[in-house]
Amino acid sequence: MISIIDTTPYTDQKPGTSGLRKKVPVFQQENYVENFIQSIFDSVAGYRGETLVIGGDGRYFNRETIQTAIRMAAANGFGRVLVGQGGILSTPAASHLIRKNRAFGGIILSASHNPGGPDEDFGIKYNVGNGGPAPEKITEAIYARSREIDRYATIDAPDIDLDKIGTSQLGEMTVEVVDPVADYADLMEKLFDFDAIRDMFAGGFRMVFDAMHAVTGPYAVEILENRLGAQPRTARNSVPLEDFGGHHPDPNLVHARDLYELMMSENAPDFGAASDGDGDRNLIIGKGIFVTPSDSLAILAANAHLAPGYSGGLKGIARSMPTSAAADRVAEKLGIGIYETPTGWKFFGNLLDAGHATICGEESAGTGSDHVREKDGLWAVLLWLNILAVRRESVLDIVTTHWATFGRNYYSRHDYEAVETDSANTLMDELRAKLSTLPGTSIDGLTIESADDFSYQDPVDGSVSANQGIRIGFVGGSRIVFRLSGTGTSGGTIRVYIERYEPDASKHDVETQKALADLIAAAEKIAGIRKHTGRSTPSVIT
Ligand code: VG1
Ligand code: CO
């Protein structure tokens, strides 16, 4: 029943910031999916008889890939596969299932916030036994294997009925189709004070959650509406669609514009939130105020003790390098460690496993804790709700009080998307070449204090990850970071991260782009973005 099929390698199966992401037609090439999955299995050892978790964000090509992965898992000797009903598992729910069932690992099918459909994006990511994304050592081994693979194993068997919860047998392997929501919702109930949040909703508190026709719809309906008693239709766009209704399931001010406008309007509800394609990002908007992800991380860390799951305090906070230093000030006040890692959740795993950090976050709308090993959109929403239920203040008041206490880190990210790969690389190369000449020089009155290419040494296993983004530090604490995206599927994306610290509370209500205007101009002068890309404005500002 097991067949060994001959194949030839592809040269482009290099996982990026979060797995292998390509256009659907690339994945539909002969044996493309099979090669990558077999390369995963060939790069890890000891899975015979073990459990593999499989699920995805419901986008186009999800179901076909899941059937392929299940057959290959059976042929390669896994003992059991757990798959979400309908092929659905949010990224954090998959992480939880891996941990709860002591699975060997998991395969998550998603291209996150990128659009879906026959000509749009798809992705495959491998997670290890701690529930987190495979560390670089493994992703590099997978890539190396994919370049020489010459056969893969599968079995001849009919498709599994993914819509029916229950257990079936595929050769020697058991396949369990499980409820994708229940275990995750139970975990949330353990971490947060559902009674207090329920009381708040019963008292007339109103919120809107935009699931963006992506994976979090069923989770939000169950948790917010069924378990917490929020009004029906609190969760909007809550049916996952293969093409996300034609939109980018990216919870930012561009793609979640309707929610933003609602929250800025006269009849805004008390709280607005959204999540992305695979459910690991979060957007938080209060009545009249968008909370930047960097601020959200800092505020959640400062208030986490108000939720039962964190009442004992935090062990430490970790943030990705481009994320603002707002969380650092909280860590300092709490007297706990702060860790600065490269972009991508895979770098937080060791810190969480070793008990160095409890809460982690990224400027790209990712926040999470040691309850799983992925960032977790609904978790962030629920922690906000728990804090609001205890403090009984508005989001606006909580944010402005936080700034008054800690100072405000004005922050923005400018993305130049789909630029020519060569131009993006040249821009970075030229920048890198002049780094050592920058310190001590001034641009329009801003003096550069430091300039380097971020290199990270993992404090737990000692591994080093170099070239993780160019940092330009200015006297007074302002900062510009340049890096290339590792998740895009067409051309290159240049990300410019801009940050300025303002301790004076009387200067906390300046519009962000205005507050950063001199640094934005300096970024152009330092990197020559217009010269290299021909673009005079970013594609997306967040
Ligand atoms: C982006 C974000 C990064 C995030 C990654 C995966 O990566 O910047 O912070 O971890 O996406 O998130 P990059 O390399 O394009 O900057 V997700 O929600 O797409 O899994
Ligand atoms: Co995501």
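The values are calculated or read from the model by the stated rules, or taken from the named source; none is laboratory data. No experiment lies behind these values; they were computed from the predicted model shown. Backbone-built Cβ (ideal geometry, glycine too); neighbour counts: all protein chains shown.
Exactly one residue out of Val395, Val419, Val390, Val381 is in contact with a strand residue (DSSP E or B) (Cβ under 8 Å, 6 or more places away or on another chain), surrounded by 15 or more Cβ atoms within 10 Å (Cβ to Cβ), among the β-branched types (Val, Ile, Thr) and farther than 27 Å from Thr17 by Cβ: that is Val395. Just one of the listed residues (Gly106, Gly131, Gly86) is more than 21 Å from the chain's Cα centre (by Cα) and either assigned to a loop (DSSP other than H, G, I, E, B) or not assigned by TED's automatic domain parsing to the domain that holds Ala256 (or both), namely Gly86.
The rows are residues; the columns are (1) of a type outside the set (Gly, Ala, Ser); (2) over 25 Å from Ser478 (Cβ atoms).
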{"site": "Leu388", "(1), (2)": "yes, yes"}
{"site": "Glu393", "(1), (2)": "yes, yes"}
{"site": "Asn409", "(1), (2)": "yes, no"}
{"site": "Ser412", "(1), (2)": "no, no"}
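Restricting attention to segment 1-53, the residues being of a type in the set (A, V, I, L, M, F, W, C), closer than 19 Å to Arg145 by Cα and assigned to a loop (DSSP other than H, G, I, E, B) number 2.
One line per residue, one yes/no per condition, for (1) among the basic types (Lys, Arg); (2) in contact with a strand residue (DSSP E or B) (Cβ under 6 Å, 6 or more places away or on another chain); (3) within 16 Å of ligand 2 (Cβ to nearest atom):
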| residue | (1), (2), (3) |
| --- | --- |
| Ile284 | no, yes, yes |
| Pro293 | no, no, yes |
| His305 | no, no, no |
| Ala354 | no, no, no |
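Candidates are the residues of segment 422-449 that are hydroxyl-bearing (Ser, Thr, Tyr) and surrounded by 11 or more Cβ atoms within 10 Å (Cβ to Cβ); the one that is nearest to Arg500 (Cα to Cα) is Thr447.
If you take the residues of segment 349-398 that are more than 25 Å from Leu97 (Cα to Cα) and part of a loop (DSSP other than H, G, I, E, B), which of them is farthest from ligand 1 (Cβ to nearest atom)?
Only one residue tops the list, namely Arg392.
Whenever a residue of segment 480-496 is farther than 14 Å from Arg413 by Cβ, it has no partner that is more than 16 Å from ligand 2 (Cβ to nearest atom) and at pLDDT below 85 lying with C-beta atoms less than 9 angstrom away and at least six residues away or across chains. Candidates are the residues of segment 330-346 that are modelled with pLDDT of 95 or more and more than 22 Å from Trp384 (Cα to Cα); the one that is surrounded by the fewest Cβ atoms within 10 Å (Cβ to Cβ) is Gly335.
Within segment 470-523, the only residue that satisfies the criterion of being surrounded by 15 or more Cβ atoms within 10 Å (Cβ to Cβ), in a loop (DSSP other than H, G, I, E, B) and hydrophobic (A, V, I, L, M, F, W, C) is Leu516.
Count, please, the residues in segment 320-348 that happen to be outside any strand (DSSP E or B) and either polar (S, T, N, Q) or over 16 Å from the mean Cα position of the chain (by Cα) (or both).
The number of residues fulfilling the criteria is 15.
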